[in-house]
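Here the structure is laid out as structure tokens; the discussion comes afterwards.
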Amino acid sequence: MKKSKTILWGTVVLLLALLIMGRILRQAKSDTLQDSFTGIVTVSGFVAEAQPFSRNLEESGTLAGNKEATIAAETGGRVTDVRVEVGDYVRLGDPLVRLDDELYRLESERAKVAYDKAKMDLDRLEKLYQDKSISDSEVEGARLAAKGAEVTYRLALKTYNDATVRAPFNGTVAAKFTEVGQTVERGMPVVQLVDLSSLKLTVSVSETDIKYLAPGAMATIIMDAVGDTVPGKVSAIGSRATTGARTFPVELKLAGAKNLRSGMFARAVISGATTENALLLPRAAVLPDAGNTIVFLARGGTARKRVVDVIGSIGDRVAVEGIEAGDTVLTTGNQMLSHGSQIALTLTKELAYDAH
């Protein structure tokens, strides 16, 4: 009997302890205000104001010369002379590589003799034609023969001249692909030439950002490898997206310098369009949500979730679209919210961003 009473009292004490513990837990849960259905979440926020904002886009790419060309032989033959070395600066028309041209020279001379004879024959027949001593068909045949001889001579002369490969523009020899004694075929590369008087940088810009760029936009080009920064300018914007990607090529031009080389990695910070009425928010106000970016607004004592588009950033601020000036944006306590949560709001003063 005594043992039964002990068990009964123990059960009563346990039940009382559980009841007290449950009340404490419920009170703690209420105090922390984490239940959006039964509690009120304490938050702070500010009234969004429209401000000027300049979008700066940062992209990267590889530098290239203003002109780059792999120079190929326009005729075939044995290489008799290579006039340049890698790193040499050449001017338009300078000889780069010379092929054995003796046969080409003889062929051009033979064609010149045939052409001269055809012209003399034509002159003689033209005089006879003026005297009406020959028919129309005879003089027409002589004219065609002279024209054919001229074409043959000009082709032979071009082949002879092509045996010397010349620079098509001013530039620096980046590579050479042949040596004396090698036999090259028509179309085989012999020299690579790069014009470094100016450089270009091609970057890829997303379809969401391309609308903020225009030709002539200024940029800062950063070359980490040489620790140098130079100004640049947007020179061209692609009108077609890159195959397989939703990006567009954007070309920037910059002046050449001794320490800059084609193929160097570079980053570009491009000044995009300025929006006079942008809405800038602290980063704490912007949250990820199932693949979207959201903010919470205060409306009549409740939190309202709103999907926004981030259009740029500056420092610890982000510029967004999807809300309006005058909306109260929540900045603290927002991570505990869901759409419709009851809130206790404290307004703060948000410092304006100086666009200048």
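Below, the figures for the structure above:
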| quantity | calculated |
| --- | --- |
| Only one of L345, L330, L287 that is crowded, with 20+ Cβ neighbours inside 10 Å and either under 14 Å from F53 (Cβ atoms) or not assigned by TED's automatic domain parsing to the domain that holds D209 (or both) | L330 |
| Given (1) at pLDDT 95 or above; (2) farther than 19 Å from M336 by Cα, index of the condition A255 fails | (1) |
| Conditions (1) crowded, with 17+ Cβ neighbours inside 10 Å; (2) of a type outside the set (K, R); (3) modelled with pLDDT under 95; number of the one not met by L99 | (3) |
| Test result for E138, surrounded by fewer than 14 Cβ atoms within 10 Å (Cβ to Cβ) and touching a helix residue (DSSP H, G or I) at 6+ places or on another chain (Cβ under 7 Å) | yes |
| Pairs, first assigned to a helix (DSSP H, G or I) in segment 119-132, second charged (D, E, K, R), C-beta under 9 Å, six or more apart | K119/E150; L122/R143; L125/E138; L125/R143; E126/R143; L128/E138; Y129/D136; Y129/E138 |
| Residue check, E251 over 30 Å from R240 (Cβ atoms) and either part of a strand (DSSP E or B) or outside the structural domain of G232 (by TED's automatic domain parsing) (or both) | no |
| So K253, is it without any contact (Cβ under 8 Å) to a residue 12 or more places away in the chain and closer than 23 Å to A174 by Cα | no |
| Some residue of segment 156-167 being surrounded by 20 or more Cβ atoms within 10 Å (Cβ to Cβ) and of a type in the set (S, T, N, Q) | yes |
| Selection within segment 246-277 - within 30 Å of K305 (Cα to Cα) and either touching a Gly at 6+ places or on another chain (Cβ under 8 Å) or surrounded by fewer than 17 Cβ atoms within 10 Å (Cβ to Cβ) (or both) | R246, G272, A273, T274, E276, N277 |
| Check on T172, of a type in the set (V, I, T) and more than 30 Å from M223 (Cα to Cα) | no |
| Qualifying residue in segment 82-95 (condition: touching a residue at least 24 places away in the same chain (Cβ under 8 Å), in contact with an Asp or Glu (Cβ under 7 Å, 6 or more places away or on another chain) and not hydroxyl-bearing (S, T, Y)) | yes |
| Residue within segment 316-337 that is charged (D, E, K, R) and not in a loop (DSSP other than H, G, I, E, B) present | yes |
| Residue ID - modelled with the highest pLDDT, chosen from residues in segment 17-64 that are among the polar types (S, T, N, Q) and assigned to a loop (DSSP other than H, G, I, E, B) | T38 |
| V308 within 22 Å of S206 (Cα to Cα), crowded, with 17+ Cβ neighbours inside 10 Å and over 22 Å from the mean Cα position of the chain (by Cα) | yes |
| Close pairs from segment 257-277: first in a loop (DSSP other than H, G, I, E, B), partner modelled with pLDDT of 85 or more and of a type in the set (D, E), Cβ under 7 Å, at least 6 apart | N259/D228; S262/E68 |
| Condition met for A146 (more than 30 Å from D88 (Cα to Cα) and buried (at least 18 other Cβ atoms within 10 Å of the Cβ)) | yes |
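The values are calculated or read from the model by the stated rules, or taken from the named source; none is laboratory data. Note that the coordinates shown come from a computational prediction; the quantities given were computed from them, not determined experimentally. Every residue, glycine as well, gets a Cβ built from its backbone with ideal geometry; the counts of neighbours run over all protein chains shown.
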